[in-house]
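Before any comments, here is the structure.
Read-outs throughout are calculated quantities, based only on the coordinates presented, and are distinct from any laboratory measurement. All of these numbers come straight from a predicted model, not from anything done at the bench. Don't worry about glycine lacking a Cβ; one is built from the backbone with ideal geometry, like all the others, and counts go over all protein chains shown.
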C-alpha cells in the first residue's frame with residue numbers, strides 16, 4: 001500500500017539546507033517510505049523512543065527523517081537533518 005504524503009514547513013526548510021547529495025539520499029528514502037511497509041532494513045525505520053506516534057528513518061548514518069502516520073494511508077514528513085539535531089526536535 002502506498003502512502004499519501006504531507007510535508008511540514010519545517011521539513012521543507014530543513015531539506016533546502018541539505019547538500020545536493022544528501023537531498024538525493026533523502027529523496028530515495030522518501031520514495032521507499034511512500035511505497036509502504038515493510039521497509040528495507042537499511043533504512044532503519046523505527047518508532048522513536050519517548051514519542052508515541054513519531055517514527056524515524058535513516059537515509060544515511062548522519063541523517064534522520066522523522067515522520068508520523070495520520071491514518072493508515074497518510075504519512076506526514078516532519079523533519080530532516082543531522083542525526084542529533086533532528087531527534088531533539090522531531
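Are any of the residues in the range 39-46 in a strand (DSSP E or B) and within 11 Å of the chain's Cα centre (by Cα)?
Scanning the range 39-46 turns up at least one residue that is in a strand (DSSP E or B) and within 11 Å of the chain's Cα centre (by Cα).
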**OP:** Confirm whether residue 30 is part of a strand (DSSP E or B), within 11 Å of the chain's Cα centre (by Cα) and under 18 Å from residue 4 (Cβ atoms).
**Re:** no
**OP:** Report yes if residue 17 is exposed (fewer than 13 other Cβ atoms within 10 Å of the Cβ) and touching a residue at least 60 places away in the same chain (Cβ under 8 Å), otherwise no.
**Re:** yes
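Please go through the range 31-57 and pick out each residue that is closer than 21 Å to residue 88 by Cα and in contact (Cβ under 8 Å) with a residue 40 or more places away in the chain.
The answer is 48, and nothing else.
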